[in-house]
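Participant: I'd like to ask you about the structure that follows.
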Amino acid sequence: PVTKYVTPPSTLFLDPSKRTKQADRLPGRPKKPMSGYHLFCNDYRATMRKPGMNANQVSKLLSAEWNKLKEKKKATYREKHEKLKSEYQQNLKEYEAKLERFYIKHPEMRPPASGEADTGLFNKVVKLHSTMADRSP
């Protein structure tokens with residue numbers, strides 16, 4: 001059976017600027033690749049961490065090490081990032097093509113275009129709230 005992707009209820013009535021990107025993310029969509037700096041951090045985090053250190057302290061150490069790193073070594077991490085980025089772009093194209101094929105088969109499932117938000121549920125809640133406010137003593 002085809003099920004409609006629904007935004008979690010906790011984010012339905014938030015200002016769009018306050019909604020998380022994760023809440024709007026469609027299942028199966030490829031994730032963006034990590035930057036060279038984050039790849040470096042993943043490689044060195046375990047060696048930098050010492051007992052009793054919190055995440056903030058570890059991040060500061062990693063940042064200092066990244067800044068000390070020679071440009072040649074940084075370039076290797078940036079190259080890894082570029083490779084991951086090209087893989088991501090290819091996977092994204094495949095995903096979007098697959099999604100488009102799905103929407104062609106099931107046009108009723110296509111979300112509204114940006115700018116024409118589905119305000120039906122929001123309007124119902126506002127109307128319900130106003131009728132409840134009229135009833136309160």
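The values are calculated or read from the model by the stated rules, or taken from the named source; none is laboratory data. What you see is a predicted model, and the numbers here were worked out from it, not measured in a lab. Please note: Cβ atoms are built from the backbone with ideal geometry, for glycine as well, and neighbour counts cover all protein chains shown. To get the accessible areas, we keep the full protein, side chains included, count just its heavy atoms, and leave off ligands, DNA and RNA. Shrake-Rupley method; radii C 1.70, N 1.55, O 1.52, S 1.80 Å.
Participant: For segment 67-78, what are the residues that are touching a residue at least 12 places away in the same chain (Cβ under 8 Å) and either within 29 Å of the chain's Cα centre (by Cα) or open to solvent by 60 Å² or more (accessible area, probe 1.4 Å) (or both)?
Facilitator: Lys74, Tyr77, Arg78
Participant: Take the residues in segment 42-63 that are closer than 23 Å to Arg78 by Cα and basic (Lys, Arg); name whichever of them is least open to solvent (accessible area, probe 1.4 Å).
Facilitator: Per the stated criteria, the residue is Arg45.
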